[in-house]
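Presented below is the structure to which this report refers.
Read-outs throughout are calculated quantities, based only on the coordinates presented, and are distinct from any laboratory measurement. Everything numeric in this text was worked out from a predicted model, so none of it was measured. Heads up, the Cβs are rebuilt from the backbone with ideal geometry, glycines too, and the neighbour counts pull from every protein chain shown.
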Amino acid sequence: MKADLKEALERPASPGDLQPVIQASNLHKYYDTGTVRVHALRGISIEIRKGEFVAIMGASGSGKSTFMNIVGCLDKPSEGTYFLEGTDVSRLSRIELARLRNERLGFVFQAFNLLNRTTAMENVELPLIYAGVRAKERHRRSLEALARVGLSERADHIPSQLSGGQQQRVAIARSLVNHPSILLADEPTGNLDSRTSVEIMQVFQELNEKEKLTIILVTHEYDIAEYARRTITFRDGRIVKDQPVAKRRVASEVIASLPLLED
Ligand SMILES: Nc1ncnc2c1ncn2[C@@H]1O[C@H](COP(=O)(O)OP(=O)(O)OP(=O)(O)O)[C@@H](O)[C@H]1O
Ligand SMILES: [Mg+2]
C-alpha cells in the first residue's frame with residue numbers, strides 16, 4: 001500500500017482539527033454515450049473541512065450526483081485533482097480505492113438499499129463482513145451504530161417491519177458502522193414525508209454536532225438544506241453559489257413544534 005494512504009488510514013480523527021477533508025480543484029467530467037458527449041462537471045473547485053455540514057442544491061441534471069460519485073471515489077474525474085484527507089485519489093489502485101471507501105466514507109441514498117429478509121442488525125453488519133471483522137465484534141459495533149441513530153429497539157426487525165424513516169436510519173447506521181470520517185447522502189429524504197425528513201435531519205445534526213462528523217448532503221428542498229451549515233448550488237456543472245446558512249434550522253425544535261401524530 002502506498003505510504004500516504006496508509007498514513008491517512010491510520011491517522012486518528014481528532015475532533016478539533018480543521019484540516020480540509022476534501023480538496024477538489026478544477027474537476028471536469030465528460031460522459032461519452034455513443035453520439036453525444038455530456039460535459040457534466042465544468043470546473044468544480046471546492047474545499048470542505050472536517051466537521052462541516054454541507055448541502056448541495058441545484059436543478060436536475062446540474063451535476064450533483066456526478067460530483068458526489070467523484071467525492072465518494074465511486075467514479076473518477078475526467079480532469080482535475082481530488083484529494084481526500086490529503087490523499088491524491090487519482091494515484092490509488094482499485095483495491096486501495098475500495099479500501100478507502102469502505103473505511104473512510106459512509107453512503108446514504110434516496111432508496112434505502114436494505115436487504116429485505118435480513119434484520120436491521122444484519123444489514124448494518126454488512127460493511128463489517130466485507131472488512132473481515134469477526135462475528136462478536138460485528139454484533140457489538142452494529143448495535144452501537146443502531147444506538148447512534150436511536151434504533152436499538154428495532155435491531156431484530158426486518159425492513160418490512162419498519163417505517164420508511166426507520167429504514168433510512170438503518171441505512172444511516174450501516175453507513176456509520178465503520179466510523180467513516182465523511183458521510184455522503186444523496187437525496188436521503190427524497191422518499192420520506194416531511195415530518196420523517198426532519199427526523200432524519202435531526203439524526204444528521206446530532207452526528208455533526210456531537211461527533212463532528214463531516215456531512216455532505218444533496219437535496220432539492222430548500223427547507224432541508226437549511227439544516228446544514230453551508231449550501232453550495234450547482235448549475236450546469238458549475239458552482240454558482242457557496243454560502244453559509246444564514247438562519248439555520250434546528251431539527252429538534254422543529255419536531256417539538258409539530259403537532260403530535262395519532263398512533
Ligand atoms: N452515467 C452517465 N452517462 C451519461 N450521462 C450521464 C451519466 N450520469 C449523468 N449523466 C448526465 O450528466 C448530467 C449531470 O447528471 P447528474 O446525475 O450529476 O445530475 P443531478 O444534479 O444529480 O440531477 P438529479 O437532481 O436529477 O439527481 C446530466 O445531464 C446527466 O444526464
Ligand atoms: Mg442526482
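Tabulated results
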{"item": "Largest-first principal axis extents, alpha carbons of the stretch 69-110, Å", "result": "28, 19, 18"}
{"item": "Simple Cβ-charge dipole of the stretch 20-252, Lys/Arg +1 and Asp/Glu -1, about Cα centre, in debye nearest 20", "result": "300 debye"}
{"item": "Approximate spin-label separation T81-V245, in nm, with each point projected 7 Å along Cα-to-Cβ", "result": "3.2 nm"}
{"item": "Rg(Cα) / (2.2 N^0.38 Å) computed for the stretch 77-215, rounded to two decimals", "result": "1.07"}
{"item": "Beta bridges by DSSP in the chain, antiparallel share as percent, to the nearest 5", "result": "55 percent"}
{"item": "Vicinal HN-Hα couplings computed from phi for the stretch 212-222 (Karplus, 6.51 cos²θ - 1.76 cosθ + 1.60; Hz; Gly/Pro x)", "result": "6, 6, 7, 10, 10, 10, 9, 8, 8, 9, 4"}
{"item": "Derived scalar couplings ³J(HN,Hα) [the stretch 150-159; Karplus, 6.51 cos²θ - 1.76 cosθ + 1.60; whole Hz; x for Gly, Pro]", "result": "x, 10, 3, 6, 10, 4, 8, 7, 8, x"}
{"item": "Under 10 Å, Cβ to Cβ, from M201 - net charge with Lys/Arg +1 and Asp/Glu -1", "result": "-3"}
{"item": "Neighbour-count ranking [beta-carbon atoms within 10 angstrom, fewest first] of T219, T119", "result": "T119, T219"}
{"item": "Cα radius of gyration and Dmax for the chain (Å)", "result": "18.4, 57"}
{"item": "5 angstrom amide H check on G106, placed H, neighbours 5+ away", "result": "I182, L183, L184"}
{"item": "Fewest-first ranking of R169, R230, using other Cβ atoms within 10 Å as the exposure measure", "result": "R230, R169"}
{"item": "Relative packing of peptides 148-154, 135-141 - highest average C-beta neighbours within 10 Å first", "result": "148-154, 135-141"}
{"item": "Sorted by Cβ density within 10 Å, fewest first, the residues I22, I232", "result": "I22, I232"}
{"item": "Segment D193-N102, extension gain: residue separation times 0.36 nm, minus the distance between their alpha carbons", "result": "29.8 nm"}
{"item": "Positive minus negative residues near H220 (Lys, Arg vs Asp, Glu; Cβ under 10 Å)", "result": "-1"}
